[in-house]
Amino acid sequence: MAESYLPPVSREGHVSLTQQIFQGLRSAILNGTLQERARLSSWQDLSAQLGVSRGTVKRAYDLLKDENLVETKGSGGTRVAAILPIGAPPQAAKESGPEGLFYDFETGPQYFQLGVPAQDQFPGKAWHAAWRRAISAEATRPQIYPDPRGLSSLRREVAGYLATARGVRCLTNQIFITSGFAGALGVVLNVMNLNGKKAFVEEPGFPRTRHALEQAGVETIPAAVDGEGIRLPITGLHPGVELTVVTPGQQAPLGMTLSQGRRQELLKWADDSDAWIIEDDYAGELQLSGHASPALAADDTSGRVFHIGSFSKTLNPGLRLGFLVVPRALTERFAVFVGHLAPAGSVVAQQAVQNFMTGGHFFRHLRQMKALYADRKIMLVDALRRELHPAIRCDFEGALSVRLFLPPGTDDVAIAGVARTHDLGVLPLSSWYQRKDSPRGLLLGIANVRRRDVASRCKTLSRVLSL
């Protein structure tokens, strides 16, 4: 963005071109349009773009240097000064994400951050080899539009994975490669025309899913969660509900697996009500205790479940790759929509993931992560029990997190904000509820807990809680 910035110039006024370029760049720097360390166009490029001589641009840059607004470092080019001069107006505030749920998008994960895989145990060598092969294949691939549903080779691998690991038997044409869970959710909401409709959502449940539904014009109705998972409200009290969104493998955030009885109740409700179920299988394959229960879609005999998975928790959230499995009767309807409005993303990324899966690395990685995360959860719980006040209840059954429950009335949102200033990426539990009198607590991810520093991090968290 910085290199493409063009200061306004005019040959009709009485101000010299040098002064116009200088003043335009100076204003852009001081108001934050050009931020610190942004690289400016070279004299040659800017002079060609503006239609002026190189000397005119050089003199303008010299004036900026005289005010210490830019720095020139040989091959590094001309950049906005790292430290602006005293008296300069403050630059524009850094863009922030939605409150309470997001982190700095430009840095690595914070300690205890949820939703990211282990950074230190990733099979980098095999992963890089998969990418090299994908890039090489791209160089010889015909220059045509790819299948908007996703590479058929990747969809075949996903079908095999689902049959083996999640008990879901589906055809390749039922699978659509998406931009993660959010992309798949958007496709379902649009194709099924759910704008203005009602949906049951778990209480508590993932806030971003609830917010996404509301952004799409869907009214969300909380359905309480107990030890067996979601418990649908009495449908007579909420007529017209056409959708339920559920995390049956590992309820987010409490961690329990949906019981067999509740699974059958939910499927029967959908069948009897001519309604739909979106299954967010965000980490179903990483259930840490015993054998992972099958996906809800594995029990669906009426074609009522949309199964959504992604590679964010298992490989890398930066891939923005997920997959959607639709009921067989709806494949053509979804294919038409995806072909026009939501085609699959980077072919290179898809090919790399397919290479990784074909080489057997994906299943091997999942087995290793399951064992690793189980050990790290035990390690974290032991450290928390040593460092935290006994009044703070620690719940760790299920899920890839540990839940700390705080006294009623505690401002867990404020505590989480303070913790993040200490590089502790905890989340407030109350944000996962719709009701105002929600339990207060913190959610701690386990993926990147390390033996060498878990004790010190728990001590820091204990100090934050005592403030």
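With respect to the conditions (1) under 24 Å from the mean Cα position of the chain (by Cα); (2) in the same structural domain as Thr244 (by TED's automatic domain parsing), Tyr373 falls short on a single one, namely (2). Residues in the range 328-377 that are among the charged types (D, E, K, R) and either in contact (Cβ under 8 Å) with a residue 60 or more places away in the chain or within 30 Å of Leu444 (Cα to Cα) (or both): Arg328, Arg333, Arg364, Arg367, Lys370, Asp375, Arg376, Lys377.
Gly180 - would you say it is on the phi > 0 side of the Ramachandran plot, crowded, with 19+ Cβ neighbours inside 10 Å and of a type in the set (Gly, Ala, Ser)?
yes
Within the range 91-150, if we keep just the residues that are part of a loop (DSSP other than H, G, I, E, B), β-branched (Val, Ile, Thr) and modelled with pLDDT of 90 or more, the residue that is nearest to Phe176 (Cα to Cα) turns out to be Ile144.
Looking across Ser456, Ser438, Ser431, one residue alone is in contact with a helix residue (DSSP H, G or I) (Cβ under 6 Å, 6 or more places away or on another chain) and outside any loop (DSSP other than H, G, I, E, B). It is Ser431. Taken over the range 228-240, the residue count meeting the criterion of being over 22 Å from Phe181 (Cα atoms) and modelled with pLDDT of 95 or more is 2. Each residue in the range 202-231 was checked for being touching a helix residue (DSSP H, G or I) at 6+ places or on another chain (Cβ under 7 Å), of a type in the set (A, V, I, L, M, F, W, C), surrounded by fewer than 20 Cβ atoms within 10 Å (Cβ to Cβ) and within 30 Å of Ile446 (Cα to Cα), and 1 of them qualify.
Return the residue satisfying two criteria in turn: it lies in the range 111-156 and is of a type in the set (A, V, I, L, M) and within 22 Å of the chain's Cα centre (by Cα), and of such residues it is surrounded by the most Cβ atoms within 10 Å (Cβ to Cβ).
Going through the qualifying residues, I end up with Leu154.
The lone criterion from (1) over 24 Å from Leu400 (Cβ atoms); (2) more than 18 Å from the chain's Cα centre (by Cα); (3) surrounded by fewer than 19 Cβ atoms within 10 Å (Cβ to Cβ) left unmet by Ser346 is number (2). As for the range 313-332, it holds no residue that is at pLDDT 95 or above, farther than 22 Å from Asp395 by Cβ, surrounded by fewer than 16 Cβ atoms within 10 Å (Cβ to Cβ) and of a type in the set (S, T, N, Q). Of the candidates Leu288, Leu296, the single residue that is modelled with pLDDT under 95, in the same structural domain as Ile230 (by TED's automatic domain parsing) and buried (at least 23 other Cβ atoms within 10 Å of the Cβ) is Leu288.
Pairing each residue of the range 173-197 that is assigned by TED's automatic domain parsing to the domain that holds Gly318 with any residue that is surrounded by fewer than 20 Cβ atoms within 10 Å (Cβ to Cβ) and of a type in the set (Asp, Glu), provided the two are 6+ apart or on different chains, yields C-beta distances under 7 Å for Leu194/Glu242; Lys197/Glu242.
In the range 271-285, of all residues being buried (at least 21 other Cβ atoms within 10 Å of the Cβ) and of a type in the set (A, V, I, L, M), the one that is modelled with the lowest pLDDT corresponds to Ala283. Of all the listed residues (Leu406, Leu388, Leu380), the sole one being in contact with a helix residue (DSSP H, G or I) (Cβ under 8 Å, 6 or more places away or on another chain) and either in the same structural domain as Ile135 (by TED's automatic domain parsing) or within 29 Å of Phe311 (Cα to Cα) (or both) is Leu380.
One residue stands out in the range 415-449 among those that are modelled with pLDDT under 95 and among the charged types (D, E, K, R): the one that is farthest from Ala252 (Cα to Cα), namely Asp423.
The values are calculated or read from the model by the stated rules, or taken from the named source; none is laboratory data. The model shown is predicted, which means the values in this text are computed figures rather than measured ones. Virtual Cβ from ideal backbone geometry, glycine too; neighbours counted across all protein chains shown.
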